[in-house]
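Colleague: Below are the structure tokens for one structure; questions will follow.
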Amino acid sequence: MYDSEFCCPDATVGNRSARLTFTPSSVLYWLTLALLGQNRWRSSSPAASQRLIDVMPGIVFQADGDVNWSMRYLSAGCLPLTGYQPAELLSPDSTVSYNTITHPDDLPQVLKSIQRATESGQAYEVEYRIHTRSGEEKWVWEKGAAVVGDQGTVVGLEGFITDITPLKQSEAALRQVEQALEAREDLLELVLDSIPQPLFWKDSQGYYLGCNQAFAKAMGLAAPADIVGGTDDDLPRLSAEEAAYHSARDRLVMTLGMADLHAIEPQTQPDGQPGWVDCSRLPMRDAQGTVIGVLCTFEDITRQIADQQTLKRREQVLATLAEIQRQLLAWQWSWQERPITQIFAALGEISGASRVYYYELQGGYAPQGGYELQGNPSSRSLSLVQRVE
């Protein structure tokens, strides 16, 4: 539609001056009114006017002011649009008329629209279906206005009808494409929400374009849609320092155009306690390879980190105890002294062993208290055996 508008002083609708928007449809309509009314056309050649009417892409019409707005004039464009000659639809002896070829589901609404427009003194515009002679269904666009008589009463209609079937078919095809895209978006959303790890993506300016349900929940949002258009500063569960850190890491990935995989980063947990995440960021590129954003996913590994730290401390304790035991066994002891057996029993309990066996292989002596003598009596050594039951 063109932006320019003009005022047509000769065009009157119900005796009111109309301000027109300059579009191809309105040009055809107002040209139709000009050609139909002698007071709107100052041509010295009626034949030229008729030729112009006949070549217009549609039907120029005039209708009576009866209840059904019965047609009394149809231009030559009637044949290519409907398959009927104008006379066939205008003859009182004919079994068909323009109203009868109008789709029965649409005709009542068309008549009501015309009635409302004429009562308010406005032009009307309607879209409806017709059935052609061949049985084909077509969509048409009709625009018209009331013809006002000398007494100020509506005596009829005049206007223009044109075929908009290709437009309707394009609209239907567009709706199918939109529905298919919506179905794909719904499927993609279902897939993303099925991923247990939080996932989000941003544009090159750092604004969120979307996320899955896991990320929305982790950030304290009601739904993934709540994040669109926001930044890290808008996330309720990120501190200012964390928001600045994450934004900087995202920008670095986009600037370098390189993935940053499995980075261990601190992140506050929903309960406010410090935690850790395994985070991977990848640059998003368009068809030309230009970086247009960043995709990020992470996994909470706070428990794993805690378990690793606990295991490491236990390994350090066990290594220390093993070294103490080795040093003790390397010394010369009087195995008859009870404190020695108590020391080894305590070491076994601390290290997690169910029993600690120690042996003095000198002179075939086996300590009392349930400890056994093993090994070659001729060898002179001490050994520690741990068995976990």
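Let's see how each residue does on (1) closer than 18 Å to Trp141 by Cβ; (2) in the same structural domain as Arg133 (by TED's automatic domain parsing); (3) acidic (Asp, Glu); (4) modelled with pLDDT of 80 or more:
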{"site": "Val13", "(1), (2), (3), (4)": "yes, yes, no, no"}
{"site": "Ser17", "(1), (2), (3), (4)": "no, yes, no, no"}
{"site": "Val27", "(1), (2), (3), (4)": "yes, yes, no, no"}
{"site": "Pro80", "(1), (2), (3), (4)": "yes, yes, no, yes"}
{"site": "Gly83", "(1), (2), (3), (4)": "no, yes, no, yes"}
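Colleague: Hey, another quick one. Under the condition of being over 26 Å from Gly149 (Cβ atoms) and part of a helix (DSSP H, G or I), which residue from segment 88-106 is nearest to the chain's Cα centre (by Cα)?
Modeller: Only one residue fits best here, namely Ile101.
Colleague: Can you go through Tyr84, Tyr98 and tell me which one is touching a strand residue (DSSP E or B) at 6+ places or on another chain (Cβ under 6 Å), aromatic (Phe, Trp, Tyr) and closer than 15 Å to Ile59 by Cα?
Modeller: Values: Tyr84 fails: touching a strand residue (DSSP E or B) at 6+ places or on another chain (Cβ under 6 Å).
Just a single option satisfies the conditions, and that option is Tyr98.
Colleague: Here is a further query. Can you tell me which residue is farthest from Val253 (Cα to Cα) among those in segment 263-304 that are of a type in the set (Gly, Ala, Ser) and under 27 Å from the mean Cα position of the chain (by Cα)?
Modeller: Across segment 263-304, the extreme among qualifying residues is Ala287.
Colleague: With the requirement that a residue be part of a helix (DSSP H, G or I) and surrounded by 13 or more Cβ atoms within 10 Å (Cβ to Cβ), what does segment 245-294 give you? Talk me through it step by step, then tell me what you get.
Modeller: Applying the first criterion (part of a helix (DSSP H, G or I)) to segment 245-294 yields 245-256.
Correct list: Tyr245, His246, Ser247, Arg249, Asp250, Arg251, Leu252, Val253, Met254.
Colleague: If you don't mind, another one. Return yes when Gln336 is part of a helix (DSSP H, G or I), over 30 Å from Val228 (Cβ atoms) and either modelled with pLDDT under 70 or not assigned by TED's automatic domain parsing to the domain that holds Pro236 (or both) and no when it is not. Break it down stepwise before answering.
Modeller: Working: part of a helix (DSSP H, G or I): no; over 30 Å from Val228 (Cβ atoms): yes; either modelled with pLDDT under 70 or not assigned by TED's automatic domain parsing to the domain that holds Pro236 (or both): yes.
No.
Colleague: Now for a separate question. Just wondering, is there one or more residues in segment 66-80 that are in a helix (DSSP H, G or I) and either in contact (Cβ under 8 Å) with a residue 60 or more places away in the chain or more than 18 Å from Val110 (Cβ to Cβ) (or both)? Spell out the reasoning first.
Modeller: Taking segment 66-80 first, the residues in a helix (DSSP H, G or I) are 78-80.
The next check asks that each one be either in contact (Cβ under 8 Å) with a residue 60 or more places away in the chain or more than 18 Å from Val110 (Cβ to Cβ) (or both); those that pass are 79-80.
Yes, some residue in segment 66-80 is in a helix (DSSP H, G or I) and either in contact (Cβ under 8 Å) with a residue 60 or more places away in the chain or more than 18 Å from Val110 (Cβ to Cβ) (or both).
Colleague: Look at Thr310 and say whether it is surrounded by fewer than 17 Cβ atoms within 10 Å (Cβ to Cβ), at pLDDT 90 or above and over 21 Å from Gln213 (Cα atoms). Let's see the steps before the verdict.
Modeller: Values: surrounded by fewer than 17 Cβ atoms within 10 Å (Cβ to Cβ): yes; at pLDDT 90 or above: no; over 21 Å from Gln213 (Cα atoms): yes.
No, not satisfied.
Colleague: Considering segment 231-254 alone, what residues qualify as being out of contact with any strand residue (DSSP E or B) (no Cβ under 8 Å at 6 or more places or on another chain) and polar (S, T, N, Q)?
Modeller: If the condition is that a residue be out of contact with any strand residue (DSSP E or B) (no Cβ under 8 Å at 6 or more places or on another chain) and polar (S, T, N, Q), then Ser247 is the only one that fits.
Colleague: Could I ask something else about it? Go through (1) closer than 26 Å to Arg303 by Cα; (2) in contact with a helix residue (DSSP H, G or I) (Cβ under 8 Å, 6 or more places away or on another chain); (3) modelled with pLDDT under 95 and name the single condition Ala223 misses.
Modeller: Status for Ala223: all satisfied but (1).
Colleague: OK, next. Of the residues Thr255, Thr302, Thr268, which single one is among the hydroxyl-bearing types (Ser, Thr, Tyr) and either modelled with pLDDT of 95 or more or more than 18 Å from Leu238 (Cβ to Cβ) (or both)?
Modeller: On the way: Thr302 fails: either modelled with pLDDT of 95 or more or more than 18 Å from Leu238 (Cβ to Cβ) (or both); Thr268 fails: either modelled with pLDDT of 95 or more or more than 18 Å from Leu238 (Cβ to Cβ) (or both).
Result of the check over Thr255, Thr302, Thr268: Thr255.
Colleague: On the basis of being touching a residue at least 40 places away in the same chain (Cβ under 8 Å) and in a loop (DSSP other than H, G, I, E, B), does Gly152 make the cut?
Modeller: Numbers: touching a residue at least 40 places away in the same chain (Cβ under 8 Å): yes; in a loop (DSSP other than H, G, I, E, B): yes.
It is true that Gly152 is touching a residue at least 40 places away in the same chain (Cβ under 8 Å) and in a loop (DSSP other than H, G, I, E, B).
Colleague: Sort out which residues of segment 222-243 are surrounded by 13 or more Cβ atoms within 10 Å (Cβ to Cβ), among the small types (Gly, Ala, Ser) and not in a loop (DSSP other than H, G, I, E, B), and write them in order of number.
Modeller: Initial filter on segment 222-243 (surrounded by 13 or more Cβ atoms within 10 Å (Cβ to Cβ)): 224, 226-227, 230-232, 234-235, 237-238, 242-243.
Next, from what is left, pick out any that are among the small types (Gly, Ala, Ser): 230, 243.
Of everything in segment 222-243, just one residue is surrounded by 13 or more Cβ atoms within 10 Å (Cβ to Cβ), among the small types (Gly, Ala, Ser) and not in a loop (DSSP other than H, G, I, E, B), namely Ala243.
Colleague: When the residues of segment 114-124 are filtered to those that are under 42 Å from the mean Cα position of the chain (by Cα) and either modelled with pLDDT of 95 or more or surrounded by 18 or more Cβ atoms within 10 Å (Cβ to Cβ) (or both), which remaining residue is farthest from Thr165 (Cα to Cα)?
Modeller: Ala117
The values are calculated or read from the model by the stated rules, or taken from the named source; none is laboratory data. Note that the coordinates shown come from a computational prediction; the quantities given were computed from them, not determined experimentally. Cβ coordinates were reconstructed from backbone atoms using ideal geometry, including for glycine residues, and neighbour counts include every protein chain displayed.
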